[in-house]
There are 2 protein chains.
Amino acid sequence: MKFCPDCGANTKLEIPKGDNRLRFVCEKCSKIHYQNPKSVVGILPTYQDQVLLCKRAIQPRQGFWTLPAGFHEMEESTLEGAIRECKEETGASVMDPTLYAIFDIPQISQVYIFFKGELKNKAFHATEESLEVRLFNEEDIPWSELAFPMIEVALDRYFSDRGNNNFPVFREEIRRPWKSRRLA
Amino acid sequence: MKFCPDCGANTKLEIPKGDNRLRFVCEKCSKIHYQNPKSVVGILPTYQDQVLLCKRAIQPRQGFWTLPAGFHEMEESTLEGAIRECKEETGASVMDPTLYAIFDIPQISQVYIFFKGELKNKAFHATEESLEVRLFNEEDIPWSELAFPMIEVALDRYFSDRGNNNFPVFREEIRRPWKSRRLA
């Protein structure tokens with residue numbers, strides 16, 4: 001942040017009085033501009049024994065498989081955002097999604113909030129954001145072609161939880177370097 | 001956002017191509033400046049049968065009781081942030097806090113991520129942010145003097161869960177107008 005979004009003057013990095021972190025502070029109007037992590041909201045959509053994945057049409061990780069998710073928008077709940085992203089990226093609707101996972105990714109200052117929910121029906125399709133959208137059985141999951149570590153963690157956990165028929169909400173921190181659980 | 005933080009030129013509100021929401025877009029460098037909800041991280045600290053509350057030293061709701069919580073900082077996990085806020089606001093340390101609740105407050109574009117954890121010991125004290133810090137038994141909770149609806153929900157749920165000796169992670173949306181569960 002080089003310029004103050006409020007008055008357009010130059011900002012400087014300094015630790016405000018009573019604070020202990022560097023902040024962007026306007027040299028003219030003295031406004032402190034805090035920066036905070038972003039949250040990403042998404043869904044793990046299921047259909048009977050299968051899960052719905054989408055192949056990313058955009059960078060980063062174009063062509064790799066992911067779960068529908070995206071940045072949380074202003075004035076929506078995390079659930080509303082997750083349902084919206086699922087619809088936008090796959091065309092699919094899910095029934096009564098419930099909270100399932102939080103992924104902390106502090107290196108990139110992001111928090112993922114994931115729900116899981118059963119598809120209302122098999123109505124889904126490729127979209128501007130997804131080259132392909134399809135259901136996978138566990139044995140067909142393309143583990144080596146997943147877009148992000150947290151997608152592997154979410155799926156790995158889901159299949160494990162399914163074996164126990166119990167899906168407690170969990171939180172996991174994704175740290176780099178990442179060590180895959182499914183790939184040698 | 002009146003001015004572009006990157007180049008200092010004027011911004012305008014418009015719906016970018018391929019988008020469906022108004023965004024601040026720079027008239028000169030065309031950068032799109034997205035705005036997203038903020039996350040707040042906190043802890044419900046317990047000590048045997050009691051919970052730790054702090055009386056707010058600052059606005060909003062100065063003088064009302066709350067749980068230690070504050071804005072999630074860049075490059076920290078939600079857990080690290082919750083532990084930090086607990087320490088900053090009460091001087092207390094908790095043992096192995098675990099995820100407990102997410103509160104969605106879409107009207108103010110905030111998401112609260114709460115942990116719960118047992119205090120290491122009874123070392124806590126008033127701080128710059130807390131006029132008073134003390135342990136309360138359930139029957140002494142000042143329900144009419146709580147700072148925010150979500151504090152009531154968290155405590156109400158905690159005492160209910162304690163009765164069942166089971167503390168599943170839950171999510172709740174706080175909508176206004178707020179209807180208290182504990183006050184007529």
- prompt: Which pairs do you get when a residue that is more than 14 Å from every other protein chain (Cβ to nearest Cβ), found in the range B:153-168, comes within reach of a residue that is assigned to a helix (DSSP H, G or I), reach meaning Cβ atoms under 6 angstrom, with the pair 6+ apart or on two chains?
  reply: B:Phe159/B:Glu138
field: Index of the failed condition, B:Gly117 passing every other in (1) surrounded by fewer than 19 Cβ atoms within 10 Å (Cβ to Cβ); (2) in contact (Cβ under 8 Å) with a residue 24 or more places away in the chain; (3) small (Gly, Ala, Ser)
entry: (1)
- prompt: From the set of residues in the range A:51-63 that are in contact with a strand residue (DSSP E or B) (Cβ under 8 Å, 6 or more places away or on another chain) and part of a loop (DSSP other than H, G, I, E, B), which is surrounded by the fewest Cβ atoms within 10 Å (Cβ to Cβ)?
  reply: A:Gln62
- prompt: All but one of (1) part of a helix (DSSP H, G or I); (2) under 12 Å from the mean Cα position of the chain (by Cα); (3) within 12 Å of another protein chain (Cβ to nearest Cβ) hold for A:Arg84; which doesn't?
  reply: (2)
- prompt: Quick one: what pairs do we get from the range A:12-29, first residue without any contact (Cβ under 8 Å) to a residue 24 or more places away in the chain, second small (Gly, Ala, Ser), C-beta under 7 Å, 6+ apart or different chains?
  reply: A:Cys26/A:Ala9; A:Glu27/A:Ala9
field: Top-ranked residue of the range A:28-50 - restricted to ones that are of a type in the set (S, T, N, Q) and in a loop (DSSP other than H, G, I, E, B), ranked as nearest to A:Ala69 (Cα to Cα)
entry: A:Asn36
Test result for A:Leu79, modelled with pLDDT of 95 or more, within 26 Å of A:Ile105 (Cβ to Cβ) and either touching a Lys or Arg at 6+ places or on another chain (Cβ under 6 Å) or surrounded by fewer than 15 Cβ atoms within 10 Å (Cβ to Cβ) (or both): no
- prompt: Which one is modelled with the lowest pLDDT, of the residues in the range B:112-157 that are of a type in the set (Asp, Glu) and touching a helix residue (DSSP H, G or I) at 6+ places or on another chain (Cβ under 7 Å)?
  reply: B:Glu129
- prompt: Taking A:Ser93 and the conditions (1) touching a Pro at 6+ places or on another chain (Cβ under 6 Å); (2) more than 10 Å from every other protein chain (Cβ to nearest Cβ), which numbered condition does it fall short on, given that it satisfies the others?
  reply: (1)
message: I'm told B:Asp49 meets every condition in (1) away from every other protein chain (no Cβ under 14 Å); (2) out of contact with any Asp or Glu (no Cβ under 9 Å at 6 or more places or on another chain) except one. Can you identify the failing condition by its number?
response: (2)
Boolean, A:Glu76 is within 14 Å of another protein chain (Cβ to nearest Cβ) and either free of Cβ contacts under 8 Å to residues at least 60 places away in the same chain or closer than 12 Å to A:Val40 by Cα (or both): yes
- prompt: Of everything in the range B:20-46 that's under 30 Å from B:Glu118 (Cα atoms) and in contact with an Asp or Glu (Cβ under 9 Å, 6 or more places away or on another chain), which residue is surrounded by the fewest Cβ atoms within 10 Å (Cβ to Cβ)?
  reply: B:Thr46
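The values are calculated or read from the model by the stated rules, or taken from the named source; none is laboratory data. Model, not experiment: these values are computed from the prediction. With ideal geometry, Cβ positions are generated from the backbone for all residues, glycine too; neighbour counts draw on all protein chains shown.
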